[in-house]
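The values are calculated or read from the model by the stated rules, or taken from the named source; none is laboratory data. Everything numeric in this text was worked out from a predicted model, so none of it was measured. Cβ: placed from backbone, ideal geometry, glycine included. Neighbour counts: every protein chain shown.
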Amino acid sequence: MSATREAAAAPVLRLRGVRRRFASGGGLDAIDLEIAAGEFFVLLGPSGCGKSTLLRLVAGLDTPQSGAIELGGRALGDGAGGRGEVAMVFQNFALYPHLSAFDNIAFPLRLRRMGSGEIARRVGAAAKMAGLDLDLGRRPHELSGGERQRVALARALVREPRVVLMDEPLSSLDPQLRQSLRVELKEFHRRTGRTFLYVTHDQTDALTLADRLAVMRAGRIEQVGTPAEVYDRPQTEFVARFVGEPAMNLVRVALAPKREALMLGDARVAVQPPSAVDSDVTLGMRPSDLSVSVSSPHKSPACAADAVEIPGEVEDAEFVGARYLVTVRVGASLSLKAESAERLEPTTPVMLAMRRARLHFFDPASGRRLE
């Protein structure tokens, strides 16, 4: 990503105060975003958050009510040029079933009335970049899901765009094919060096594909960062809940009288809150950061000197593959999720342990992160 960091000073795609609202509700509010040349950038968020609307605005399929979209320092739309430098891959790949793979790829060039020799050259080059090693005379129904994706990518590349837009292209595929196509898509990005703007509601897609991502909610951007930054240091409660599977435990806790501890229900936890906290605070703990033991770890590797211990009792344990997702009751009414390598029976007394450095604090009023 060194090239991306160098390019960040002069982004290839910039959105400034972009707004698009709809009479029925929803849309975008004052979006500011910069995407570097060669970056794989992901827009992540739930349905209706505005991510596809943003993609349509960049593609020129809709127009912002205010604000500006710039590509390479030039405004998009209004006859200023640049739309030809943006190509879009739709959710269902949008291949013409009656056309061969070659003709699907060549379609944008034929619309420009390009000569047959140049079309053949460009189709061959785009197919090679997309990793297509098949008879281009075959039609879409004769191709696998991965081959159809590569044809759609080649069709996008054949126009030689600067930015490739992708609208949830993996969402309708089965998990195994989806996983393999994620690998292929990332390799395709490395091979071509194009700038990608990719929309998804799936956090696995976002975390595995993105160089950087923007988490969106209700028409606004909640946080922008690398996958590790967004996962390790969520800036809002919404990001903390939305990014990570299983979701982060978020609990409202009170301060002990002398601020030397937090009260998780009836349990007293020896953690000092951030200095800005006056009364209650929202405490966040990822299940993967909480270790579970049947008795107190007593300075075990999972509970070093900087660890927090929380006593509890097992309510339930769900088998989720290589581990169990354990629900632990803390006090009379609070439950926390934690991960365990072994099944634990209900009513078993346990100790939860977690490093202090992995605790997250949020302002209950604003939902913003507290340092």
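Please enumerate the residues belonging to the range 258-296 that are of a type in the set (K, R) and buried (at least 16 other Cβ atoms within 10 Å of the Cβ).
If we filter the range 258-296 for residues that are of a type in the set (K, R), which is where we start, we get 258-259, 268, 286.
Across the range 258-296, the qualifying residue is only R286.
Quick check on this structure: which one of R138, R121, R110 is in a loop (DSSP other than H, G, I, E, B), over 32 Å from the mean Cα position of the chain (by Cα) and modelled with pLDDT of 85 or more? Full working, then the answer.
Values: R121 fails: in a loop (DSSP other than H, G, I, E, B); R110 fails: in a loop (DSSP other than H, G, I, E, B).
Answer to the selection: R138.
Which residue is surrounded by the most Cβ atoms within 10 Å (Cβ to Cβ), if the candidates are limited to the range 145-167 and must be modelled with pLDDT under 85 and in a loop (DSSP other than H, G, I, E, B)?
R159
Report yes if D174 is modelled with pLDDT of 95 or more and either in the same structural domain as G17 (by TED's automatic domain parsing) or surrounded by fewer than 18 Cβ atoms within 10 Å (Cβ to Cβ) (or both), otherwise no. Before the answer, list the steps.
Values: modelled with pLDDT of 95 or more: no; either in the same structural domain as G17 (by TED's automatic domain parsing) or surrounded by fewer than 18 Cβ atoms within 10 Å (Cβ to Cβ) (or both): yes.
The answer is no for D174.
Taking only pairs six or more apart or across chains, which ones have beta-carbon atoms under 6 Å, a first residue in the range 332-345 that is closer than 17 Å to E309 by Cβ, and a second residue that is charged (D, E, K, R) and in a loop (DSSP other than H, G, I, E, B)?
E339/R323
Which residue is modelled with the lowest pLDDT, if the candidates are limited to the range 10-32 and must be within 21 Å of H189 (Cα to Cα) and of a type in the set (A, V, I, L, M, F, W, C)? Lay out the reasoning, then the answer.
Residues of the range 10-32 that are within 21 Å of H189 (Cα to Cα), as a first pass: 10-14.
Still in the running and of a type in the set (A, V, I, L, M, F, W, C): 10, 12-13.
Details: A10: 64, V12: 89, L13: 94.
Here the answer is A10.
Within the range 124-134, which residues are in contact with a helix residue (DSSP H, G or I) (Cβ under 8 Å, 6 or more places away or on another chain) and part of a loop (DSSP other than H, G, I, E, B)?
Those that are in contact with a helix residue (DSSP H, G or I) (Cβ under 8 Å, 6 or more places away or on another chain) and part of a loop (DSSP other than H, G, I, E, B): A130, G131, L132, L134.
Write out, first by first residue and then by second, each pair whose Cβ atoms fall under 8 Å of each other, whose residues are 6+ apart or on separate chains, and whose first residue, in the range 305-321, is at negative phi while the second is small (G, A, S) and buried (at least 17 other Cβ atoms within 10 Å of the Cβ).
Close Cβ pairs satisfying both conditions: A307/A353; V308/A353; E309/A353; I310/A267; I310/A353; P311/A267; G312/A267; A317/S340.
Would you check if there is a residue in the range 35-49 being touching a Pro at 6+ places or on another chain (Cβ under 6 Å) and more than 27 Å from V215 (Cβ to Cβ)? Let's see the steps before the verdict.
In the first step, residues of the range 35-49 are kept if they are touching a Pro at 6+ places or on another chain (Cβ under 6 Å); the result is 35-36.
Keeping just the survivors that are more than 27 Å from V215 (Cβ to Cβ) gives none.
Looking through the range 35-49, none of the residues is touching a Pro at 6+ places or on another chain (Cβ under 6 Å) and more than 27 Å from V215 (Cβ to Cβ).
Which of the residues belonging to the range 268-289 are in contact (Cβ under 8 Å) with a residue 24 or more places away in the chain, assigned to a loop (DSSP other than H, G, I, E, B) and under 30 Å from I221 (Cα atoms)? Quick ask: steps written out before the conclusion?
Restricting attention to the range 268-289, the residues satisfying the condition of being in contact (Cβ under 8 Å) with a residue 24 or more places away in the chain are 269-271, 273-274, 276-277, 279-289.
Right, trim to assigned to a loop (DSSP other than H, G, I, E, B) and you get 270-271, 273-274, 276-277, 279-280, 286.
Residues satisfying the conditions are P273, P274, A276, V277, S279, D280, R286.
List the strands (runs of 3 or more DSSP E) inside the range 197-267, counting only whole elements, that have at least 1 residues being aliphatic (A, V, I, L, M) and in contact with a Lys or Arg (Cβ under 6 Å, 6 or more places away or on another chain). Let's see the steps before the verdict.
Details: elements: 212-217, 220-225, 249-255, 262-264.
So the answer is 212-217.
Could you check how many residues of the range 347-358 are crowded, with 17+ Cβ neighbours inside 10 Å and either in contact with a Cys (Cβ under 9 Å, 6 or more places away or on another chain) or under 14 Å from A307 (Cα atoms) (or both)?
First, the residues of the range 347-358 that are crowded, with 17+ Cβ neighbours inside 10 Å: 350-354.
Remaining after also requiring either in contact with a Cys (Cβ under 9 Å, 6 or more places away or on another chain) or under 14 Å from A307 (Cα atoms) (or both): 351-354.
Qualifying residue count for the region: 4.
Could you say which residue among G131, G124 is at positive phi and out of contact with any Ser or Thr (no Cβ under 9 Å at 6 or more places or on another chain)?
On the way: G124 fails: at positive phi.
Step by step, each of G131, G124 is checked, and only G131 is at positive phi and out of contact with any Ser or Thr (no Cβ under 9 Å at 6 or more places or on another chain).
When the range 168-187 is examined, which residues are found to be part of a helix (DSSP H, G or I) and either in contact with a strand residue (DSSP E or B) (Cβ under 9 Å, 6 or more places away or on another chain) or within 23 Å of R74 (Cβ to Cβ) (or both)?
In the first step, residues of the range 168-187 are kept if they are part of a helix (DSSP H, G or I); the result is 175-187.
Hits for the range 168-187 are L185, K186.
Kindly establish whether S288 is of a type in the set (S, T, N, Q), at pLDDT 90 or above and under 21 Å from R241 (Cβ atoms). Give the derivation first.
Working: of a type in the set (S, T, N, Q): yes; at pLDDT 90 or above: yes; under 21 Å from R241 (Cβ atoms): yes.
Taking the combined requirement at face value, the residue satisfies it.
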